[in-house]
1. Which of the residues spanning the stretch 433-456 are away from the ligand (no atom under 15 Å from the Cβ) and either hydrophobic (A, V, I, L, M, F, W, C) or under 21 Å from residue 397 (Cβ atoms) (or both)?
2. Given the structure, is residue 242 of a type in the set (A, V, I, L, M), out of contact with any Ser or Thr (no Cβ under 7 Å at 6 or more places or on another chain), touching a residue at least 60 places away in the same chain (Cβ under 8 Å) and surrounded by fewer than 24 Cβ atoms within 10 Å (Cβ to Cβ)?
3. Against the definition (of a type in the set (Lys, Arg), open to solvent by 20 Å² or more (accessible area, probe 1.4 Å) and more than 24 Å from residue 346 (Cβ to Cβ)), how does residue 228 come out, yes or no?
4. Please specify each residue of the stretch 370-384 satisfying the condition of being free of Cβ contacts under 8 Å to residues at least 24 places away in the same chain and among the acidic types (Asp, Glu).
5. Which of the residues spanning the stretch 319-342 are in contact with a Pro (Cβ under 9 Å, 6 or more places away or on another chain) and touching a residue at least 60 places away in the same chain (Cβ under 8 Å)?
6. Before we move on, is residue 144 within 16 Å of the ligand (Cβ to nearest atom) and surrounded by 19 or more Cβ atoms within 10 Å (Cβ to Cβ)?
7. Just the residues that are away from the ligand (no atom under 12 Å from the Cβ) and closer than 26 Å to residue 118 by Cα, please, taken from the stretch 50-75.
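The values are calculated or read from the model by the stated rules, or taken from the named source; none is laboratory data. Owing to the predicted nature of the structure, the values given are computational and were not obtained by experimental measurement. When we count neighbours, we look across all protein chains shown, and the Cβ atoms used for this are built from the backbone with ideal geometry, even at glycine. Please note that ligands, DNA and RNA were not included when accessible areas were found on the heavy atoms of the full protein model with its side chains. Shrake-Rupley method; radii C 1.70, N 1.55, O 1.52, S 1.80 Å.
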Amino acid sequence: MPVAGEDTGGTGPVVWQTGSVPAADPTTAAPTSVDRIVVHGGDPLSGRVRVGGAKNSALKLMAATLLAPGVHELVRVPRITDVELMAEVLRSMGARVRWRDPDASLDDDRVLEIDMPATITPVAPYELVERFRASIVVLGPLLARCGEARVALPGGDDFGPRPIDMHLRGLAALGAEFDTSHGYVEGRAPNLVGSRVLLEFPSVGATENIVMAAVRAKGTTTIDNAAREPEIADLCGMLNKMGARIEGAGSSTIVIEGVDELGPVRHRVVPDRIEAATYLAAVGMAGGEIVVADARLDHMDLLCQKLGEMGMRISADPDGLWAMANRRLRAVDCSTLPYPGIATDYKPLIVTLLSTAEGVGIVTENLFAGRFRYVDELRRMGADIRTEAHHAVVRGVERLSGAPVRAHDIRAGAALVVAGLGAEGETVVADAHHVDRGYEDLVGKLAALGARVERA
Ligand code: EPU
């Protein structure tokens with residue numbers, strides 16, 4: 001049963017350049033003076049904020065373009081560092097990646113254009129994989145397209161080891177063979193053949209890699225105990241538009257009939273439920289009333305139910321989700337689980353909300369055991385949290401007090417900004433480049449809701 005590590009990757013900020021996805025340049029990796037977010041707590045939020053396309057879908061859709069030569073158009077891709085790094089991975093293989101209209105905002109249908117050539121180099125180098133561990137999802141499409149792949153092994157990270165055993169076992173069931181040497185996994189699969197794959201855990205990445213290999217395998221592949229996240233359904237939706245034959249995406253059993261050829265498509269990225277959850281938590285912490293445009297209640301059911309139990313009011317709105325918090329929240333218990341359970345990515349936000357809720361809440365992490373590092377930072381803000389193994393016992397205090405804190409990963413960074421919104425005085429979140437890996441303009445969007453927050 002997995003309890004291990006993920007994707008905090010990245011060694012430093014990569015400055016976004018409007019108009020193109022810039023080369024990943026290690027010289028830009030040193031912390032800069034804008035690497036801090038300063039928050040002044042105490043102001044309720046109001047207004048409307050729009051979420052972008054989901055990071056954890058966009059990255060996989062970008063990887064899927066490896067499967068078919070031609071010009072692909074991905075709509076509503078967020079402008080975040082991880083997208084920039086995935087673009088760099090694709091470029092290193094020969095693709096041309098650019099923003100169709102560099103000045104387009106999120107409200108426009110901004111297009112990321114990926115021109116995939118007829119011949120690609122099936123190698124993902126260590127310099128990129130090390131900074132961005134989600135790049136392992138190129139393995140399946142490269143094997144399917146080229147019959148071989150050489151991908152650097154992702155190392156461990158801030159919340160533990162990062163195994164890929166399920167990815168490799170699943171691909172091996174389809175006929176791929178692997179060697180690992182010199183820090184690389186080298187795969188060969190001249191003839192992928194459909195098979196039954198039973199995952200021992202519904203791993204998101206393993207499901208995606210296996211699906212993207214199976215679409216070009218001979219015959220039928222059945223993945224049992226597949227991950228059910230909305231981002232998996234989004235990936236399969238795009239693959240079907242490309243000509244794949246996939247059924248059951250979004251359920252525990254995915255059936256894929258291999259096809260000989262796939263073509264380029266235009267596809268709109270599913271809205272980011274984790275970004276949406278961040279704005280819900282922000283209003284829960286600061287109080288007020290907001291609309292989170294494009295958020296989908298059907299993708300966030302259990303979370304919204306939990307927030308409702310805590311005393312927030314949330315309902316579907318013609319635009320997305322309406323949310324209100326007008327009093328101190330109540331503590332609840334919760335456990336992270338694969339979708340449709342409460343996502344591990346929501347957890348830092350929930351712990352933050354519990355830190356000022358009335359009563360005691362117990363939060364249990366079932367996916368990434370090491371994902372509690374931000375708790376020390378919340379304690380610096382006066383939170384009363386005890387952790388033991390994969391549990392956190394959170395005893396709500398009346399109010400947090402602003403303090404200098406450090407972001408250790410994307411979600412922890414966002415949660416600390418949210419904590420600052422409900423804290424007394426000034427909170428300075430250092431290492432804000434982690435936040436940029438997963439959020440497009442978190443600061444600007446919160447400021448538009450009335451929060452006093454800025455890039456220092
Ligand atoms: N696992 C294994 N072996 C494997 C693969 C996974 O033991 O071969 C374990 C992991 O160590 C972990 C569990 O299985 O304990 C679940 O991992 P999963 O493979 O589902 O996660 P992932 O694909 O690596 C994605 C998201 C994460 C999110 C998790 C869980 C991306 C790029 N990342 O990671 O998002 O937390 O699913 O939902 O899609 C984030 O966005 O900040 C983030 C960390």
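1. 443, 446, 447, 448, 449, 451, 453, 456
2. yes
3. Here the answer is no, as residue 228 does not meet what is asked.
4. Selection gives 376 alone.
5. Selection gives 320, 338, 339.
6. Taking the combined requirement at face value, the residue does not satisfy it.
7. 64, 65, 66, 67, 68, 69, 70, 71, 72, 73, 74, 75, listed by residue number.
Residues are listed down the side, and each one gets a yes or a no for (1) under 21 Å from the mean Cα position of the chain (by Cα); (2) in the same structural domain as residue 260 (by TED's automatic domain parsing); (3) under 25 Å from residue 300 (Cα atoms):
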| position | (1), (2), (3) |
| --- | --- |
| 164 | yes, yes, no |
| 169 | no, yes, no |
| 186 | no, yes, no |
| 191 | no, yes, no |
| 194 | no, yes, no |
| 197 | no, yes, no |
| 248 | no, yes, yes |
